[in-house]
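The values are calculated or read from the model by the stated rules, or taken from the named source; none is laboratory data. Only a predicted model underlies this, so the values are computations on that prediction, with no experimental measurement involved. Ideal geometry is used to build each Cβ from the backbone, glycine not excepted, and the neighbour counts take in all protein chains shown. Side chains included, ligands, DNA and RNA excluded: accessible areas come from the protein's heavy atoms. Shrake-Rupley method; radii C 1.70, N 1.55, O 1.52, S 1.80 Å.
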Amino acid sequence: MKSGTEKIYQYAIQGGNALTGEVEIGGAKNAALAILAAAIMTDETVTIENMPDVRDTNVLLDAMAGIGVMIERPDRHTVKINGSMVRNVNIEHDLIRKIRASYYLIGALLGKYYEAEVPLPGGCNIGSRPIDQHLKGFRAIGANVRIEHGSIIAKAEKLTGAHIYMDVVSVGATINILMASCMAEGKTIIENAAKEPHVVDVANFLNSMGANIKGAGTDVIRIKGVSSLHGATYSVIPDQIEAGTFMFAAAVTGGDILIKNVIPKHLESISAKLMEIGCQVEEYDDSVRVRRNGKLSNTQIKTLPYPGFPTDMQPQAGVALSLSEGVSTITESIFENRFRYVDEIMKMGANIKVEGNTAIITGVEALSGAHITAPDLRAGAALVLAALAADGVSTIDDIRLIERGYEDFDMKIRQLGGIIEKVTDTKAVRKFRMRSRAV
Ligand code: UD1
């Protein structure tokens, strides 16, 4: 469906039910985006399993089809990709500017064809999002990079391994340099690399295609260039942030959720904070159970690169701390514009003061339903949690942003006993309110 004709939905949510039961977590959106781009680096067919069916991955797949990549979807969560027919390296796609991960096509195309032209990335408005470290990496391995007419244009005669020291820890730049350098001549060393699970996943995927990458998951990654990559079948890791969001859903609603298909190790910083504020967290091989019986207590959180507390979980934590006893602080050290949910949750009765990159949160007894707007993907998901915990009905606008990264979010919440519906107009909201009153 063309975006112009697409229906605009809101969520209508009746708060107050504790979320209980089991939920299955999908593949990691941020790993999947990079893996999709990397899949075009071979002329052989690549099969990717556990692919989340979310807006961001679908937009990227559309853009890839637009440059001649052959894409098959044997089932909802499997994609077959063949990049042998890529017709041009100039991506012009009106949707591609909307997703951050479009920049992964630069690393992939540059690495394979020594040439790429991709519009500057969009994505969530969570602050200024420079790409200087990506460009520094491309230049270090021999590419000529310039920005013209809103696009990044990278070209190289040949690519040669280099020693690259990243000035900031960047997930995107680390992955992009991994892709661009895996077929470069000689050895590339990335120092101060990002250690996030999806960096490791992309490295594992590239290795399954024949790349020679060592050290992913530590801050020094070593890449030995190979002459070509081959086809592979690969399953994307579970989504750390989707899992974390449901962990916090149990916390804020006083629920009991078994979150299945996760890697508990990836959730350690989230589990630790939940335990600190009074939740019980039990880890199993590939699931975690989160429960909350008593009151939540206050804490301090600072977002940091992995293995620190993820910036993508900060708004969800902010909701929990709004309902905790005492005063908490959250310091956002990665993106400067990630407190845009604060104005919205204040409409629900939260007491938060933002000073610079710190939010000072004084816990309140309860939140109350309100008409609010999702400011970005994770903040939007966090506001859904707030609405599920609040007294009364809330409506949330701009849920398209939430659907960028959460598959069947409303359905999964309903399966856990939450009352949430996608509605299109005020009449539907009125009906929802009447039904909720009748329950
Ligand atoms: C990725 C995730 C995003 C997550 C973030 C941090 C995707 C599609 N998005 O974003 O959900 O919130 O990691 O875990 O995977 N920076 C620079 N120069 C650069 C690149 C980054 O200064 O060239 C800075 C950024 O402004 C930010 C920090 O480095 O302060 C981290 O950004 P980065 O890890 O690159 O985030 P993204 O890859 O954009």
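Brief remarks on what is shown
- Taken over the alpha carbons of region 331-401 as equal point scatterers, the Debye sum produces base-10 log I(q)/I(0) values at 0.24, 0.27, 0.28 Å⁻¹ of -1.09, -1.26, -1.31.
- Cα-derived Rg over Rh, computed across region 29-235 with Rh taken as Kirkwood radius: 0.92
- The antiparallel fraction among DSSP beta bridges confined to the chain stands at about 70%.
- Cα-based reach from LYS427 at 16 Å (exclusive), listing lysines while leaving out same-chain residues under 8 positions away: LYS7
- Most mobile listed residue (LYS427, LYS112, LYS347) in the chain, GNM with C-alpha springs under 10 Å: LYS427
- Choice from LEU304, LEU206, LEU105 showing the highest fluctuation, given a GNM over the chain with Cα pairs closer than 10 Å: LEU304
- Value of Rg to Rh for region 8-63 (Rh from inverse mean 1/r over Cα pairs, i.e. Kirkwood): 1.15
- Against the chain, whose longest principal axis comes from its Cα atoms, helix 104-113 is set at around 10 degrees.
- Per-residue ellipticity at 222 nm from helix content only, as computed over the chain with -39500 (n - 2.57) for each DSSP H run of at least four residues, stands at -9500 deg cm²/dmol.
- The chain - percent of accessible surface contributed by carbon and sulfur, probe 1.4 Å: 49
- Placing +1 on each Lys and Arg Cβ and -1 on each Asp and Glu Cβ, with no other charges, gives the chain a dipole about its Cα centre of roughly 480 debye.
- With the convex hull drawn over the C-alpha atoms of the chain, the volume per residue is 130 Å³.
- Of LYS80/LYS158; LYS347/LYS431; LYS265/LYS422; LYS302/LYS422; LYS112/LYS273, those spanning more than 32 Å from alpha-carbon to alpha-carbon: LYS265/LYS422; LYS302/LYS422; LYS112/LYS273
- Secondary structure note: in region 29-235, about 75% of the DSSP beta bridges are antiparallel.
- Considering only the Cα atoms of region 386-439, their convex hull presents on average a projected area of 4.0 nm².
- Angle of helix 240-253 to the longest C-alpha principal axis of the chain, folded into 0 to 90 degrees and rounded to 10: 10°.
- For region 155-300, average projected area of the Cα convex hull in nm²: 10.5
- Taken over the Cα atoms of region 126-213, the convex hull encloses 104 Å³ per residue.
- Angle in degrees between helix 171-181 and the longest Cα principal axis of the chain, rounded to the nearest 10: 20
- Each peptide among 249-258, 382-391 gets the average number of other Cβ atoms lying within 10 Å of its residues, and from highest to lowest they stand as 382-391, 249-258.
- For region 359-376, the Karplus equation 6.51 cos²θ - 1.76 cosθ + 1.60, evaluated at θ = phi - 60°, returns couplings of 9, 9, 10, 9, x, 10, 4, 7, 9, 10, x, 7, 8, 9, 10, 6, x, 7 Hz by residue, with Gly and Pro reported as x.
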